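Undergrad: Take this structure, written in structure tokens, and hold onto it; I'll ask about it next.
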Amino acid sequence: MKTSANILLIYTGGTIGMVKDFETGALKAFNFDELLQNIPELKLLEHSIETVSFEKPIDSSNMRPAFWLQIAEMIEERYEDYDGFVVLHGSDTMSYSASALSFMFENLSKPIIFTGSQLPIGDLRTDAKENLITSIQIAGLQRHNKPVISEVCLYFEYKLYRGNRTSKINAEHFQAFASPNYPPLVNSGVHLAVNDNALWKPNNRRKMKLHTGLNDEIALIKIFPGINRSLLEHIMAKEGLQGVILETYGSGNAPTEEWFVNLLKQTISRGVVIVNVTQCIGGSVSMGQYETSTQLKKIGVISGKDITTEAAVVKMMYLLAKDLSPKVFKTIFETSLRGEMS
């Protein structure tokens, strides 16, 4: 494996980029131009590291499609100059952002690795240094002068995951993320153990293409016992609504009450696409397995299979911007585009 690589570090905001002001004890944003001074361990890495930062770093709770585009354009502008990219990001919406970039970049042939931390980089017990250093090392892995990783990933607490397979599962533990339906791509121990069989295989004959269109005229609805009919009718009647993601029970089950099925049917007949995902942490939607999902299948609800809610949200935004017919939308949504579903 080639030892050195050019890595671009992109800081968007989040806990990882905070240091404690010793006078006040408050957390303040970190100056990433002084990265090497603050993290001397980076000097020990064989890679060449350069940094770029959002002009105004944001808390990831304020993340929105315009910022995904900003990150993507920062990468696109510098794509030929670097071997890999590490995006420092708040953990709360990191799975959404990693999923979004996975769809926005078609024919990606270099790693884009999202990472962050549960504790600030200046904290004595921080997880930030390990997450950052290992993300850089993985982004720099090369074999036969080509990157080992060529997809959008998320690294946290000794594991590299496919970004569009992740969900944040814990607000307290260092192991904040899980990839319930897909194995880790790399396990970090004494050595970096790469799971070659799980890696995305790029089509190197095709040029990388950035898709900038995202349509956010969508709704995400979690089904619960006693869900209110008038509220659902109100949401479905929203002017301009183009897509709905239903988080259903178990393997895609929902109420069989006539009003509920009819409301979905009427909404679909208006050209609004409805995707069924499971609200379970792991597993897959399998419509038709039980009577409680047979009706959904019959009226044209789209199966999200084993996609995460985060990936379903951004995949819907990505595909709605393509202005496809409902039939073509259904076919493409139910097809894995970037390894986001089995």
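Undergrad: Of the residues that sit in the stretch 231-274 and are among the charged types (D, E, K, R) and not in a loop (DSSP other than H, G, I, E, B), which one is surrounded by the fewest Cβ atoms within 10 Å (Cβ to Cβ)?
TA: Within the stretch 231-274, the match that is surrounded by the fewest Cβ atoms within 10 Å (Cβ to Cβ) is Glu258.
Undergrad: Please tell me if Val277 is of a type in the set (A, V, I, L, M), under 21 Å from Phe177 (Cα atoms), assigned to a strand (DSSP E or B) and out of contact with any Pro (no Cβ under 8 Å at 6 or more places or on another chain).
TA: yes
Undergrad: Hey, among the residues in the stretch 41-65 that are without any contact (Cβ under 8 Å) to a residue 12 or more places away in the chain and over 15 Å from His89 (Cβ atoms), which one's surrounded by the most Cβ atoms within 10 Å (Cβ to Cβ)?
TA: Ranking the candidates gives Lys43 first.
Undergrad: Any residue that is in a helix (DSSP H, G or I) and in contact with a Ser or Thr (Cβ under 6 Å, 6 or more places away or on another chain) - is there at least one of those in the stretch 103-123?
TA: No, there is no match, as no residue in the stretch 103-123 is in a helix (DSSP H, G or I) and in contact with a Ser or Thr (Cβ under 6 Å, 6 or more places away or on another chain).
Undergrad: Sticking with this structure for a sec: Got at least one residue in the stretch 137-152 being touching a helix residue (DSSP H, G or I) at 6+ places or on another chain (Cβ under 8 Å) and within 26 Å of Val19 (Cα to Cα)?
TA: For the stretch 137-152, residues touching a helix residue (DSSP H, G or I) at 6+ places or on another chain (Cβ under 8 Å) and within 26 Å of Val19 (Cα to Cα): absent.
Undergrad: Can I ask one more? Looking at the stretch 165-183 only, could you name the residues that are free of Cβ contacts under 8 Å to residues at least 40 places away in the same chain and crowded, with 19+ Cβ neighbours inside 10 Å?
TA: Ser179, the sole residue that qualifies.
Undergrad: Can you tell me which of (1) of a type in the set (A, V, I, L, M, F, W, C); (2) at pLDDT 95 or above; (3) in a loop (DSSP other than H, G, I, E, B) is the one Ala219 doesn't meet?
TA: With (1) of a type in the set (A, V, I, L, M, F, W, C); (2) at pLDDT 95 or above; (3) in a loop (DSSP other than H, G, I, E, B) applied to Ala219, the lone miss is (3).
This table checks each residue for (1) of a type in the set (S, T, N, Q); (2) buried (at least 21 other Cβ atoms within 10 Å of the Cβ); (3) without any contact (Cβ under 8 Å) to a residue 24 or more places away in the chain; (4) on the phi < 0 side of the Ramachandran plot.
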residue	(1), (2), (3), (4)
Gly90	no, yes, no, yes
Met94	no, yes, no, yes
Phe103	no, yes, no, yes
Asn107	yes, no, no, no
Ser117	yes, yes, no, yes
Asp123	no, no, no, yes
Ala128	no, yes, no, yes
Asn131	yes, yes, no, yes
Thr134	yes, yes, no, yes
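Undergrad: Residues in the stretch 181-197: is at least one among the small types (Gly, Ala, Ser), within 23 Å of Met94 (Cβ to Cβ) and within 17 Å of the chain's Cα centre (by Cα)?
TA: No; the residues of the stretch 181-197 include none that is among the small types (Gly, Ala, Ser), within 23 Å of Met94 (Cβ to Cβ) and within 17 Å of the chain's Cα centre (by Cα).
This table checks each residue for (1) of a type in the set (Lys, Arg); (2) surrounded by 16 or more Cβ atoms within 10 Å (Cβ to Cβ).
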{"site": "Asn187", "(1), (2)": "no, no"}
{"site": "Val190", "(1), (2)": "no, no"}
{"site": "Pro202", "(1), (2)": "no, yes"}
{"site": "Arg229", "(1), (2)": "yes, no"}
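Undergrad: State whether one or more residues within the stretch 290-305 are in a strand (DSSP E or B) and touching a residue at least 40 places away in the same chain (Cβ under 8 Å).
TA: yes
Undergrad: Any idea which of (1) modelled with pLDDT of 95 or more; (2) closer than 17 Å to Asp216 by Cα; (3) not in a strand (DSSP E or B) is the one Asp323 doesn't satisfy?
TA: For Asp323, the exception is condition (1).
Undergrad: Right, next: Name the pairs whose Cβ atoms lie under 8 Å apart, with the first residue in the stretch 185-211 and in a strand (DSSP E or B), the second of a type in the set (Asp, Glu), and 6 or more positions between them or separate chains?
TA: Lys209/Glu106; Leu210/Glu73; Leu210/Glu76; Leu210/Glu106
Undergrad: With respect to Pro225, is the statement that it is within 30 Å of Phe156 (Cα to Cα) and either within 23 Å of the chain's Cα centre (by Cα) or assigned to a loop (DSSP other than H, G, I, E, B) (or both) true?
TA: no
Undergrad: Let me ask something additional. Could you list, in sequence order, the residues of the stretch 322-333 that are within 14 Å of Gly271 (Cα to Cα) and not aromatic (Phe, Trp, Tyr)?
TA: Within the stretch 322-333, Asp323, Leu324, Ser325, Pro326, Lys327, Val328, Lys330 meet the criteria.
Undergrad: Sticking with this structure for a sec: Report yes if some residue within the stretch 147-156 is surrounded by fewer than 24 Cβ atoms within 10 Å (Cβ to Cβ), in contact (Cβ under 8 Å) with a residue 40 or more places away in the chain and not β-branched (Val, Ile, Thr); otherwise report no.
TA: yes
The values are calculated or read from the model by the stated rules, or taken from the named source; none is laboratory data. Please read these numbers as outputs of a predicted model, since none were measured by experiment. Neighbour counts are summed over all protein chains in view; Cβ atoms, including those assigned to glycine, are modelled from backbone coordinates with ideal geometry.
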